[in-house]
Amino acid sequence: MLGWALTFFILAIVAAAFGFGGIAGASAAIAQVLFVIFLVLTVIAFIVRAIQGRPVV
């Protein structure tokens with residue numbers, strides 16, 4: 001999922017460089033949502049592993 005967030009972020013940067021405001025804004029919004037979802041899932045995974053007694057790293 002982090003890969004998708006980075007893909008949309010790069011798409012937003014490229015679109016912004018060419019002046020496509022709508023595409024850049026939409027891509028940036030999608031990248032932000034995917035990044036937040038990735039962070040939440042990462043924190044949940046760390047908590048679950050800690051509860052199960054496994055080392056986090």
Residue list for region 15-32, filter: among the aliphatic types (A, V, I, L, M) and either touching a Phe, Trp or Tyr at 6+ places or on another chain (Cβ under 6 Å) or loosely packed, with under 13 Cβ neighbours inside 10 Å (or both): A17, A29, I30, A31
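Residue-wise test of (1) modelled with pLDDT under 85; (2) within 16 Å of the chain's Cα centre (by Cα).
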site	(1), (2)
A17	yes, no
G25	yes, yes
A31	yes, yes
F35	yes, yes
L39	no, yes
T42	no, yes
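The values are calculated or read from the model by the stated rules, or taken from the named source; none is laboratory data. All values derive from a computational prediction rather than experimental measurement. Neighbour counts run over all protein chains shown; Cβ positions are idealised from the backbone, glycine included.
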